[in-house]
């Protein structure tokens, strides 16, 4: 967890329990989405130093040394709180990846290598790894995105204004990391960000961005009765813009939508 987010959570007078009711609903939505949806079929991105996760996919438990596979399996029988379970899952799975591909970490910035692996991890359909990566990202964000903190700084597909303090820059950096994961994660990522968008916080998606994520979820509506409440398939946008978003969703090209969305509307 980032130092700033940790200080806000524990020392800033806003203990994370203040978010418990909203956060528990978000976690339930995320876990349900993971259980019900199929994960991502988006093409995996090449990363720093031309590393290809297509050529170097995350190993399955069958491919791992028996000891490593047993350590990962043991986590799920330990009855841990969800955040602690996910921290262990992500840590052990990343260690397993590094052991399976020793050259991955060689000559790479450690933070960039980890972030690139997380982008790959959210595309993995089997197990809980993709949900855990999202969950830990949101745990970092949670103390920073209550509107009481920075009511005029929020994300709608772009930011309402530039960062003016170190705190705001931290918030934007963490949000950027989260959106990068969402963009890679396809339907599971879409259910994540639309679940968060339901609550009063520093996320207020523009109609066209909301529509993009709604289209990604549309094929999965029968899988989970909670999904229809998240989506908006009749956005207040022009026909031309709607066609553009439909094409972008078909191509899984979120960036083209973010690059062309309107500035954020003022908060009511």
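Quick look at the numbers
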read-out	value
Cα-only radius of gyration and Dmax that characterise segment 105-185, units Å	14.2, 43
Using a Förster distance of 25 Å, the FRET efficiency for residue 61-residue 114 (Cβ separation, nearest 0.05)	0.75
Relative packing of 50-59, 133-142, which averages over residues the other C-beta atoms within 10 Å, highest first	133-142, 50-59
Cα pair distances of segment 44-194 binned at 5 Å [whole percent]	2, 8, 17, 19, 18, 16, 10, 6, 3, 1, 0
Label point distance in nm, residue 92-residue 250, each placed 7 Å from Cα along Cα→Cβ	4.4
Residues 76, 97 arranged by fewest to most Cβ contacts within 10 Å	76, 97
Segment 181-268 - Rg and Dmax from Cα coordinates, angstrom	12.3, 35
Which of 68, 78 has the fewest Cβ neighbours within 10 Å, and the rest in rising order	78, 68
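Here, each number is a calculation from the coordinates, and none is a lab measurement. Everything quoted here is computed from the prediction, not taken from an experiment. All Cβ positions, glycine included, derive from the backbone under ideal geometry; neighbour counts span all protein chains shown.
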